[in-house]
Amino acid sequence: MLKNDLILRAARGEKTERTPVWVMRQAGRILPEYRAVRNGLSGFKELVETPELAAEVTIQPVDILGVDAAIIFSDILVIPEAMGLPYEMVEKTGPIFRKTVATTEDLTSLKVAKAEDLSYTLEAIKITKRELSGRVPIIGFAGAPWTIFAYMVEGSGSKTFSKPRKMLYTNPELAHRLLGMITQSTIAYLKGQIAAGADMVQIFDSWAGVLPPEQYQKFSLAYIEQIAAAITEVPVTVFAKGAFFAIADMANISCNTVGLDWNMDVQEARKLLPGKTLQGNMDPCALYGTFDLVKSESIKMLKAFEGHPHIANLGHGVYPDTDPDKVRCFIDTVKEYRP
C-alpha cells in the first residue's frame with residue numbers, strides 16, 4: 001500500500017490535496033551522493049547494469065530532495081542493446097554505436113527483445129520497491145521508438161539526425177520495419193517493468209522536435225500509440241520534446257498524462273487536452289536564478305496549470321551543474337503551494 005499516491009491520482013485526473021512533483025534526471029549528477037557512487041565504477045553502463053547500485057541512486061532523490069516519485073535509474077538505449085545493437089557511453093561525448101542500421105540486411109542481426117533481456121533493470125525495480133516500502137510510487141520508462149531509431153541509424157547524438165531522417169524518405173519500408181521491432185521490444189520491456197513493480201511509466205520522445213508534422217504522425221506518434229494502447233495496467237505519460245505542433249494530436253493517444261517542455265504554451269495545451277493530465281513545464285534554466293526567483297517562477301508555473309490536473313516538473317531534465325538546493329527549493333515551493 002502506497003503512503004503517497006498523489007502522482008498516481010493526479011495522472012488519473014483525480015483531485016489531489018496538492019500538486020505532486022518530481023524532476024526528470026533527478027537521479028543523477030546534481031547530487032554529490034550520486035557522484036560518490038558513480039566515481040567508484042568503470043563507467044555509466046556499470047551503474048545502469050548493477051541492480052543494487054541502480055536502486056540506490058533511484059532512491060537518493062526521494063531521501064534528499066523529497067520528490068513524490070522515484071524514477072528507475074536506467075537509460076533509453078538499453079533497448080537497442082537488448083535487440084543486438086550495443087552502445088558505449090563516452091564521457092563528455094555521449095552514446096556511441098559502433099554498428100548502425102543502414103540496410104535491410106542489418107536487421108538480420110537484430111531481434112525483438114524480451115523483458116528478461118533487460119533483467120538488470122527489472123531487478124533494480126524490485127529492489128527499489130522493497131527498499132521504498134511504499135513511501136512513493138516508482139516510475140518506469142523507455143524511449144519512444146522514433147528516438148531509439150534515430151540513435152540506431154545515426155550511431156550517436158546529433159544536431160540534425162540527418163541519417164535517420166534521410167531513411168524516412170529514401171527507405172520508408174526499412175524504417176517502418178525497424179520501428180515495429182523497437183515498438184514490440186518496448187512494449188515487452190515496459191510490461192516487464194510493471195510486473196517488477198513500476199506504478200506508472202513514461203515514454204520519452206527526446207528527438208520528436210526534429211521531424212516535420214506529417215512525418216511525426218507517421219513515424220513516431222503511430223508507434224507511441226501502439227505502446228500506450230498496450231499498457232493498460234498503470235498510468236502512461238508521453239513526453240515529446242519539441243513537438244509543440246503535435247499537442248492537439250496527443251488528445252488521441254491512449255495515455256493519461258502529456259508532458260510539456262518549457263517552450264510549450266500551457267493555456268493552449270489546456271484547451272487542446274481537456275481530458276489529459278499535464279506534466280511540466282518550468283524552464284530548467286530558471287533553477288540558475290536566486291532562491292526568490294526559483295520560488296516566484298515555480299508559483300507562476302503552478303498558477304498557469306491551476307484548475308487542470310497537473311504533475312509539476314521541469315520542461316526537460318535538470319541540468320547537471322544545477323545547485324541541488326535550488327532543485328529542493330523548486331520541490332518545496334510546489335509542495336507548500338495551495339491555490
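Here's the yes/no breakdown for (1) in contact with a strand residue (DSSP E or B) (Cβ under 9 Å, 6 or more places away or on another chain); (2) open to solvent by less than 20 Å² (accessible area, probe 1.4 Å); (3) not in a strand (DSSP E or B); (4) not β-branched (Val, Ile, Thr):
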site: Thr183; (1), (2), (3), (4): no, yes, yes, no
site: Ala188; (1), (2), (3), (4): no, no, yes, yes
site: Gln193; (1), (2), (3), (4): yes, yes, yes, yes
site: Ala198; (1), (2), (3), (4): yes, yes, yes, yes
site: Lys218; (1), (2), (3), (4): no, no, yes, yes
site: Ala222; (1), (2), (3), (4): no, no, yes, yes
site: Phe239; (1), (2), (3), (4): yes, yes, no, yes
site: Asp249; (1), (2), (3), (4): no, no, yes, yes
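Can you find a residue that is part of a loop (DSSP other than H, G, I, E, B) and either at positive phi or touching a Lys or Arg at 6+ places or on another chain (Cβ under 6 Å) (or both) anywhere in the range 143-157? Yes. The residue of the range 311-329 that is surrounded by the fewest Cβ atoms within 10 Å (Cβ to Cβ), among those that are closer than 27 Å to Pro274 by Cβ and in contact with a Leu (Cβ under 8 Å, 6 or more places away or on another chain), is Gly315.
Here Lys271 meets the list (1) assigned to a helix (DSSP H, G or I); (2) closer than 22 Å to Leu6 by Cα; (3) not aromatic (Phe, Trp, Tyr) almost entirely, failing just condition (2). Here Gly280 does not fit the description of being surrounded by fewer than 16 Cβ atoms within 10 Å (Cβ to Cβ) and in contact (Cβ under 8 Å) with a residue 12 or more places away in the chain. Scanning the range 16-31 for residues that are modelled with pLDDT of 95 or more and either polar (S, T, N, Q) or open to solvent by 70 Å² or more (accessible area, probe 1.4 Å) (or both) gives Thr16, Glu17, Thr19, Arg25, Gln26. Within the range 290-310, being in contact with a helix residue (DSSP H, G or I) (Cβ under 7 Å, 6 or more places away or on another chain) and either open to solvent by less than 60 Å² (accessible area, probe 1.4 Å) or of a type in the set (Ser, Thr, Tyr) (or both) holds for Val294, Glu297, Ser298, Ile299, Leu302, Ala304, Phe305, His308, Pro309, His310. Filtering Leu260, Leu272, Leu287 for residues that are open to solvent by 10 Å² or more (accessible area, probe 1.4 Å) and modelled with pLDDT of 95 or more leaves a single hit, Leu272.
Within the range 131-148, the set of residues being open to solvent by less than 30 Å² (accessible area, probe 1.4 Å) and either out of contact with any strand residue (DSSP E or B) (no Cβ under 9 Å at 6 or more places or on another chain) or of a type in the set (A, V, I, L, M) (or both) comprises Leu132, Gly134, Val136, Ile138, Ile139, Ala142, Ala144, Ile148.
Taking the conditions exactly as written (in a loop (DSSP other than H, G, I, E, B), out of contact with any Pro (no Cβ under 8 Å at 6 or more places or on another chain) and charged (D, E, K, R)), does Asp261 satisfy them or not? Yes.
Of the candidates Val266, Val258, Val334, the single residue that is within 24 Å of Gln193 (Cα to Cα) and either over 19 Å from the mean Cα position of the chain (by Cα) or free of Cβ contacts under 8 Å to residues at least 24 places away in the same chain (or both) is Val258.
Checked against (1) in a loop (DSSP other than H, G, I, E, B); (2) touching a His at 6+ places or on another chain (Cβ under 8 Å), Ala10 meets all criteria but (1).
Quick grid of which residues meet (1) assigned to a loop (DSSP other than H, G, I, E, B); (2) free of Cβ contacts under 8 Å to residues at least 12 places away in the same chain:
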position: Glu46; (1), (2): no, yes
position: Ala54; (1), (2): no, no
position: Val57; (1), (2): no, no
position: Pro61; (1), (2): no, no
position: Asp68; (1), (2): yes, no
position: Pro80; (1), (2): no, no
position: Lys92; (1), (2): yes, yes
position: Lys99; (1), (2): yes, no
position: Leu118; (1), (2): no, no
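The values are calculated or read from the model by the stated rules, or taken from the named source; none is laboratory data. Not measured: the values here are computed from a predicted model. Methodologically, a virtual Cβ is constructed for each residue, glycine included, from the backbone with ideal geometry; neighbour enumeration extends over all protein chains shown. The protein model used for the area step is the full one, side chains on, heavy atoms only, and it has no ligands, DNA or RNA in it. Shrake-Rupley method; radii C 1.70, N 1.55, O 1.52, S 1.80 Å.
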